[in-house]
Amino acid sequence: MSKCAGCNKELTFVSVLSAMNPYSLKCGGCDERIKAKPAVVTILVVLIVAVSLAILALPFPGASTSKIVALLVLGAVFEFGFYLALKKGFIGSNLVP
Ligand SMILES: [Zn+2]
């Protein structure tokens with residue numbers, strides 16, 4: 001499992017969830033910044049923006065509420081996928097195995 005190089009703490013989902021900047025996540029145990037490969041993060045950000053725009057453009061039954069729910073679910077799925085990929089090392093970062 002991937003750990004912080006500074007304090008040896010495992011990456012937590014909360015750290016990913018609470019990050020304002022996906023390029024630089026704050027470690028939950030120290031002041032170390034966890035940096036994923038910028039190219040991979042950019043691809044993910046472009047992907048999520050594209051899917052979000054597609055959801056907004058689609059005619060949804062029940063209008064705005066179901067769109068907001070869909071966007072929230074999408075965001076949570078992406079965040080969790082990003083967390084798992086970082087943790088498993090599918091996305092390169094400065095975490096140590
Ligand atoms: Zn740390």
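Things to note:
- Between K9 and C4, the built amide H atoms are under 5 Å apart, and every one of these is 5 or more places off in sequence or on another chain.
- Most positive-pole-ward Cα, N94, S24, G75, against dipole of the chain from beta carbon charges: N94
- Here the calculated FRET efficiency for L84 and S64, from their Cβ-Cβ distance with R0 = 30 Å, stands at 0.45, rounded to the nearest 0.05.
- Nearest-20 debye value, region 13-88 charge dipole, Cβ charges on Lys, Arg, Asp, Glu: 160
- Pairs of Lys residues in the chain, spaced 8 or more positions apart or belonging to different chains, with C-alpha separations under 26 angstrom: 18 in total.
- Charge context of I34, other residues only, Cβ under 12 angstrom, K/R +1, D/E -1: +4
- Within the accessible area of region 1-81 (1.4 Å probe), percent carbon and sulfur: 73
- Per-residue ellipticity at 222 nm, computed for the chain from helices alone with -39500 (n - 2.57) per DSSP H run of at least four residues, works out to -17000 deg cm²/dmol.
- Potential lengthening between E10 and C30 on full extension [0.36 nm per residue; Cα-Cα distance subtracted]: 6.1 nm
- Accessible area of the chain divided out per residue, in Å², using a probe of 1.4 angstrom: 62
- Summarising the amide proton neighbourhood of E32: residues at separation of 5 or more, or on other chains, whose placed amide H is nearer than 5 Å comprise C27.
- For region 39-49, putting each phi into the Karplus relation 6.51 cos²θ - 1.76 cosθ + 1.60 with θ = phi - 60° gives couplings of 4, 5, 5, 4, 4, 5, 5, 4, 4, 5, 5 Hz, in residue order, rounded to whole numbers and with x for Gly and Pro.
- Computed FRET value (nearest 0.05) for K3 with L74, which takes r as the C-beta separation and R₀ as 35 Å: 0.75
The values are calculated or read from the model by the stated rules, or taken from the named source; none is laboratory data. Remember, predicted model here, so these are calculated numbers, not experimental data. Positions of Cβ are generated from backbone atoms using ideal geometry, with glycine treated the same way; all protein chains shown enter the neighbour counts. Note: accessible area is taken over every heavy atom of the protein model, side chains too, but ligands, DNA and RNA are not part of it. Shrake-Rupley method; radii C 1.70, N 1.55, O 1.52, S 1.80 Å.
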